[in-house]
RNA sequence: GCCAGCGUAGCUCAGCUGGUAGAGCUGCUGAUUUGUAAUCAGUCGGUCGGGGGUUCGAGUCCCUCCGCUGGCUCCA
């Protein structure tokens with residue numbers, strides 16, 4: 001929208017004729033002539049693009065007007081639609097809506113006296129401009145970058161609905177000795193303290209902590225990840241060791257999903273704000289997008305791979321023979337412009353990586369089968385990362401009641417009691433949502449894996465398949481992120497190890513994820529050659545501490561890096577042709593290289609391997625933090 | 001986004017009521033060649049988060065912006 005603000009000694013107008021876009025209601029609202037003395041006259045023209053966020057434009061314009069009125073000390077306003085300010089006008093409908101919106105906002109300021117001119121009429125006007133420096137001002141207002149305002153002004157229906165939504169909490173545990181099914185308040189949590197934490201966290205929402213989550217210190221001290229003040233908040237830099245772990249985790253998750261049948265694709269990270277289908281979807285969750293402007297056109301950055309995959313699925317030729325059909329993407333990246341106060345280390349970021357799987361199922365039976373299979377996959381994934389989790393399942397009540405055996409089956413697959421939330425009405429796109437929650441050192445819950453049954457988006461995005469009678473049908477759609485955000489997986493791993501340290505145990509990474517898997521430490525420089533010989537014989541990430549410091553310090557450094565196996569090489573080892581292995585459990589063992597490799601092998605089973613992204617000699621390795 | 005706290009060397013931190021910045025670790029140099037969590041000595045390193053203000057004088061007081069942490073909120 002363009003506005004021209006003029007501080008006038010007097011202003012008058014009168015309607016002289018109708019234009020093609022005249023509406024008689026405008027004359028009722030504004031009258032056909034008017035005259036005022038000292039006043040701030042605001043000429044305005046709504047432009048293309050304003051319709052993407054009327055609330056944002058209206059609130060910015062209102063703010064501009066009020067701020068100038070205050071500066072020049074006037075209480076008289078004239079709002080005057082004036083199309084000639086722009087060569088790229090919006091539709092008349094949008095213009096009138098915007099005009100009304102701005103007037104509503106201005107009228108809520110009771111001290112102001114407001115006169116308006118009608119939209120869509122030829123008018124004659126007379127103005128006398130005061131001519132002081134603030135008396136003439138032109139501004140162009142765009143919706144971009146300010147979209148968060150709409151969240152305050154016009155909360156989406158879905159968000160509003162959720163706030164007032166009543167839900168019921170139930171615990172259901174698998175068949176067996178301790179089987180239970182009933183209100184969560186009546187469950188004895190003694191054996192599942194973390195489930196109780198999850199329940200309290202979900203129900204009350206209140207948490208008490210004055211401490212920063214311990215993973216933040218660890219991610220920096222271990223030279224994995226760090227803040228990047230040169231970027232926006234919640235955007236991180238990844239050092240070689242952290243980047244390696246991230247890449248390993250991604251590779252692992254992707255291989256699980258593609259083995260499960262996910263067809264890996266890649267979709268754009270930005271989408272046209274005005275694309276009609278996407279726009280409809282965005283209106284359900286209007287805030288929290290990064291918006292960028294390119295040649296006057298606005299794009300938002302994706303918050304998941306959903307759109308990209310919906311648009312592909314819309315264009316695909318799918319028959320019932322193809323179902324279930326699964327598209328998969330590891331999003332590098334997903335963007336969510338969370339409120340700044342919500343950001344927390346690797347737990348909650350603005351830019352993150354996550355696996356996103358969308359499955360089309362021909363009917364609810366197939367959707368449920370897939371749901372179960374993907375639950376299994378998520379369990380396998382969590383086990384691979386060595387993460388413990390608590391299960392939460394959210395249902396629309398009707399759905400849960402009509403599918404009781406399905407609910408039981410999920411709980412049984414998870415093999416532990418689950419917290420179930422029942423909603424009386426469906427306010428989001430899903431009828432069922434499974435979550436694996438990690439409970440951290442400060443008793444806070446973070447959702448990792450999730451599987452959802454979507455009953456809304458196939459229609460919205462016109463995704464169809466041809467059934468066995470040759471007719472078009474809408475499939476059911478499953479959303480699954482079998483690990484949740486990769487960044488958050490790393491958060492959970494670090495937090496779980498911080499808890500172990502608190503209990504006096506040694507922290508460690510799963511062997512396959514350890515940046516350095518083995519380290520050779522020579523007793524003295526003399527054994528350098530002997531060390532180098534071992535390097536080539538070990539097919540894992542092995543390095544060699546050749547720095548000119550004491551052996552005690554090298555041991556300490558390796559322990560602080562959580563290196564799983566430390567190999568000390570001295571005269572004895574050279575003479576006997578064996579290794580002295582100090583493992584993470586504290587044990588020191590004399591063993592042959594082949595024995596060590598046999599011990600390691602099962603720890604790598606089914607897990608990816610990537611090379612060490614750092615110089616093998618520690619004397620050649622720069623320090624990133626500390 | 002709101003409220004509160006914090007921001008001093010690469011890292012962890014000290015610096016009282018305003019008087020012109022200090023330690024340990026790391027790094028570097030040298031000595032030492034070491035047997036399982038810190039060998040000894042020397043030495044480099046700071047527009048005290050950015051900008052503005054008050055003052056003869058600001059790391060210290062005030063304003064503002066940025067960042068981090070906690071709480072609220074939020075988590076499609």
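The values are calculated or read from the model by the stated rules, or taken from the named source; none is laboratory data. What you see is a predicted model, and the numbers here were worked out from it, not measured in a lab. Methodologically, a virtual Cβ is constructed for each residue, glycine included, from the backbone with ideal geometry; neighbour enumeration extends over all protein chains shown.
Listed residues A:280, A:244, A:218; which is in contact (Cβ under 8 Å) with a residue 24 or more places away in the chain, in the same structural domain as residue A:387 (by TED's automatic domain parsing), assigned to a helix (DSSP H, G or I) and touching a helix residue (DSSP H, G or I) at 6+ places or on another chain (Cβ under 8 Å)? Talk me through it step by step, then tell me what you get.
Numbers: A:280 fails: in the same structural domain as residue A:387 (by TED's automatic domain parsing); A:244 fails: touching a helix residue (DSSP H, G or I) at 6+ places or on another chain (Cβ under 8 Å).
Answer to the check: A:218.
When restricted to residues that are part of a loop (DSSP other than H, G, I, E, B) and closer than 21 Å to residue A:132 by Cα, the stretch A:72-94 contains 3. Selection of first residues in the stretch A:537-566 that are in the same structural domain as residue A:612 (by TED's automatic domain parsing) and of second residues that are near RNA strand B (Cβ under 6 Å from one of its atoms) and in a loop (DSSP other than H, G, I, E, B), restricted to Cβ pairs under 7 Å at least 6 apart or on distinct chains, gives the following pairs, ordered by first then second residue: A:551/A:523. Flag: residue A:440 does not match the condition of being over 30 Å from residue A:511 (Cβ atoms) and either within 16 Å of RNA strand B (Cβ to nearest atom) or assigned by TED's automatic domain parsing to the domain that holds residue A:489 (or both).
Of the strands (runs of 3 or more DSSP E) lying entirely inside the stretch A:95-214, the ones with 1 or more residues being modelled with pLDDT under 85 and surrounded by 13 or more Cβ atoms within 10 Å (Cβ to Cβ) are found at A:121-129, A:136-140, A:167-172.
If you go through the stretch A:558-579 and keep only what is over 17 Å from residue A:529 (Cβ atoms) and near RNA strand B (Cβ under 8 Å from one of its atoms), you end up with A:559, A:560, A:566. Considering only residues in the stretch A:247-290 that are buried (at least 19 other Cβ atoms within 10 Å of the Cβ), more than 18 Å from residue A:332 (Cβ to Cβ) and away from RNA strand B (no atom under 12 Å from the Cβ), the one that is modelled with the highest pLDDT turns out to be A:260. With respect to the conditions (1) outside the structural domain of residue A:380 (by TED's automatic domain parsing); (2) within 14 Å of RNA strand B (Cβ to nearest atom); (3) surrounded by 23 or more Cβ atoms within 10 Å (Cβ to Cβ), residue A:515 lacks only one, and its number is (2).
Of the residues making up the stretch A:458-481, at least one is part of a loop (DSSP other than H, G, I, E, B), over 18 Å from the mean Cα position of the chain (by Cα) and surrounded by 23 or more Cβ atoms within 10 Å (Cβ to Cβ). When residue A:261 is tested against (1) outside any helix (DSSP H, G or I); (2) under 22 Å from residue A:540 (Cα atoms), just one condition goes unmet, and that condition is (2).
Counted as qualifying within the stretch A:512-604 are the strands (runs of 3 or more DSSP E) with 1 or more residues that are under 30 Å from residue A:384 (Cβ atoms), within 41 Å of the chain's Cα centre (by Cα) and modelled with pLDDT of 95 or more, namely A:518-522, A:542-544, A:565-569, A:579-583. With respect to the conditions (1) within 16 Å of RNA strand B (Cβ to nearest atom); (2) free of Cβ contacts under 8 Å to residues at least 40 places away in the same chain; (3) in contact with a strand residue (DSSP E or B) (Cβ under 8 Å, 6 or more places away or on another chain), residue A:183 lacks only one, and its number is (1).
Got a number for residues in the stretch A:608-626 being in a helix (DSSP H, G or I) and more than 16 Å from RNA strand B (Cβ to nearest atom)? Don't jump to the end; show me each part of the working.
We begin by selecting, within the stretch A:608-626, every residue in a helix (DSSP H, G or I); these are A:618-620.
Applying the additional criterion that residues be more than 16 Å from RNA strand B (Cβ to nearest atom) yields none.
Of the residues in the stretch A:608-626, 0 are in a helix (DSSP H, G or I) and more than 16 Å from RNA strand B (Cβ to nearest atom).
Scanning the stretch A:584-607 for residues that are touching a residue at least 12 places away in the same chain (Cβ under 8 Å), surrounded by 10 or more Cβ atoms within 10 Å (Cβ to Cβ) and near RNA strand B (Cβ under 10 Å from one of its atoms) yields A:584, A:590. For the residues A:354, A:382, the requirement of being surrounded by fewer than 22 Cβ atoms within 10 Å (Cβ to Cβ) and touching a strand residue (DSSP E or B) at 6+ places or on another chain (Cβ under 9 Å) singles out A:382. Meeting the requirement of 3 or more residues that are more than 48 Å from the chain's Cα centre (by Cα), the strands (runs of 3 or more DSSP E) wholly within the stretch A:1-63 are A:2-18, A:33-36.
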